[in-house]
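Structure first, then comments.
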Amino acid sequence: MSIIKKCLFPVAGYGTRFLPATKAIPKEMLPILTKPLIQYGVEEAMSAGMTTMAMVTNKHKQAIKNHFEAHSDIEASIKDTPKQNLLNEVNYASQQCDFIYIEQQQMLGLGHAIYTARPLIGNEPFAVILPDDLCMNDNDSVLLQMTKIYQQHPDCCVVAIEEVPMNQVDKYGVIDGELLKGTNNAYRVNTMVEKPSPAEAPTNLAIIGRYILTPEIFDVLENTTADKNGEIQITDALMTLAKHGKVIAYEFQGTRYDCGSVKGFVEANNAFAKKQGLI
Ligand code: UTP
């Protein structure tokens, strides 16, 4: 069983790249085929043994909360029909897990969103999923792979990484480090840079939206200053821990789709449709 019980979803961002769709609908409710991005994220957390889903939202994200609550009218209308199965997946998640919420009052960056969740998380290790990074796996989910690494290094944070083309490093946090003995896919991180230019980037190993964080991160975030855009970056806070050898970067198995971009969203829909034999 996983020793990590809580998964945090920082979903307070405005999703401006998807306007006008995201004016009234949270980005996380956009579907890949028939299932909203947030539900894929919750199912990944469940696959890694997590049972509390903690969400950092804002007042425009009520639809996410509604999605994980019962809808008696729809349920009554499809009860005992073949369509009943269509609702079962989300009802199953709602029955198996607790959903807890807190609002981020100001958009001050991902680090700030994570810090906002401190009252929901308390003093225990937790996972973070950014649901617009959608991962497809034939075997273990990315978060399950990461929990296995964390169990071997319980005093460390674990970030998921993948190689990206050098001309795209400026969209990501980028790491450098030393391969852990006996592995070819896990690094002890010694450098992390948020959105470097290709010339400044130490490598092309980019952090994607999956983290396992120790509660130590909250004290570090409390003392992390905002960047030049006024945002508190989780990468900067992790760099403080990396200086003490407490961050591991794990090159996961699977395929990630950047559904925060229109191109990645279309690619994900195509890939999932192909997998289901629809196209
Ligand atoms: P993004 O910058 O990719 O998401 O933040 P966004 O702001 O919603 O999208 P665009 O760029 O305007 O299209 C990465 C993740 O961090 C969360 C977002 O919700 C997203 O899941 N986030 C970011 C917060 O929760 N709060 C913040 O202040 C910033």
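The values are calculated or read from the model by the stated rules, or taken from the named source; none is laboratory data. Worth saying up front: this structure is predicted, and the values here are computed from it rather than measured. So basically every Cβ, Gly included, is an ideal-geometry build from the backbone, and we count neighbours across all protein chains shown.
When 98, 80 are checked against the criterion of being among the charged types (D, E, K, R) and at pLDDT 95 or above, a single residue qualifies: 98. Counting only residues that are more than 8 Å from the ligand (Cβ to nearest atom) and under 17 Å from the mean Cα position of the chain (by Cα), which one in the stretch 104-114 is nearest to residue 11 (Cα to Cα)? The qualifying residue nearest to residue 11 (Cα to Cα) is 114. Would you pick out the residues in the stretch 189-225 that are touching a Cys at 6+ places or on another chain (Cβ under 7 Å) and more than 16 Å from the ligand (Cβ to nearest atom)? Within the stretch 189-225, 212, 214 qualify. Within the stretch 162-199, the only residue that satisfies the criterion of being assigned to a loop (DSSP other than H, G, I, E, B), of a type in the set (A, V, I, L, M) and free of Cβ contacts under 8 Å to residues at least 40 places away in the same chain is 199.
When you check residue 205 against the structure, is it within 16 Å of the chain's Cα centre (by Cα) and either surrounded by 21 or more Cβ atoms within 10 Å (Cβ to Cβ) or among the basic types (Lys, Arg) (or both), yes or no? The answer is no for residue 205. Within the stretch 1-58, track down each residue that is at pLDDT 95 or above, away from the ligand (no atom under 16 Å from the Cβ) and not β-branched (Val, Ile, Thr). Scanning the stretch 1-58 gives 5, 6, 31, 33, 35, 43, 46, 47, 48, 49, 50.
Looking at 263, 274 in this structure, which one is surrounded by fewer than 21 Cβ atoms within 10 Å (Cβ to Cβ), without any contact (Cβ under 8 Å) to a residue 24 or more places away in the chain, farther than 30 Å from residue 119 by Cα and within 14 Å of the ligand (Cβ to nearest atom)? Step by step, each of 263, 274 is checked, and only 263 is surrounded by fewer than 21 Cβ atoms within 10 Å (Cβ to Cβ), without any contact (Cβ under 8 Å) to a residue 24 or more places away in the chain, farther than 30 Å from residue 119 by Cα and within 14 Å of the ligand (Cβ to nearest atom).
Among the residues of the stretch 214-235, those identified as assigned to a helix (DSSP H, G or I) and touching a Gly at 6+ places or on another chain (Cβ under 7 Å) are 221, 234, 235.
Counting only residues that are farther than 26 Å from residue 263 by Cβ and assigned to a helix (DSSP H, G or I), which one in the stretch 115-145 is farthest from the ligand (Cβ to nearest atom)? Restricting to residues being farther than 26 Å from residue 263 by Cβ and assigned to a helix (DSSP H, G or I), the top hit is 144.
When 59, 23 are screened for being of a type outside the set (S, T, N, Q), assigned to a loop (DSSP other than H, G, I, E, B) and in contact (Cβ under 8 Å) with a residue 24 or more places away in the chain, only 59 passes.
Residue selection: residue 211 fails the criterion of being in contact with a Gly (Cβ under 7 Å, 6 or more places away or on another chain), in a strand (DSSP E or B) and of a type in the set (Phe, Trp, Tyr).
Looking at 8, 30, 86, which one is within 22 Å of residue 272 (Cα to Cα) and crowded, with 18+ Cβ neighbours inside 10 Å? After applying the criteria, what remains is 30.
Pairing each residue of the stretch 27-40 that is in contact (Cβ under 8 Å) with a residue 40 or more places away in the chain and part of a helix (DSSP H, G or I) with any residue that is more than 13 Å from the ligand (Cβ to nearest atom) and among the small types (Gly, Ala, Ser), provided the two are 6+ apart or on different chains, yields C-beta distances under 8 Å for 39/93.
Taking the stretch 157-183 as the range and being over 15 Å from the mean Cα position of the chain (by Cα) and crowded, with 22+ Cβ neighbours inside 10 Å as the test, the residues that pass are 169, 174, 175.
Looking at the stretch 244-259, can you tell me whether even one residue there is outside any strand (DSSP E or B) and within 28 Å of residue 107 (Cα to Cα)? Yes - at least one qualifying residue is present in the stretch 244-259. When every residue of the stretch 62-74 is checked against the conditions, at least one turns out to be of a type in the set (A, V, I, L, M, F, W, C), away from the ligand (no atom under 12 Å from the Cβ) and outside any loop (DSSP other than H, G, I, E, B). Residue count for the stretch 89-114 satisfying the condition of being loosely packed, with under 15 Cβ neighbours inside 10 Å and part of a loop (DSSP other than H, G, I, E, B): 3.
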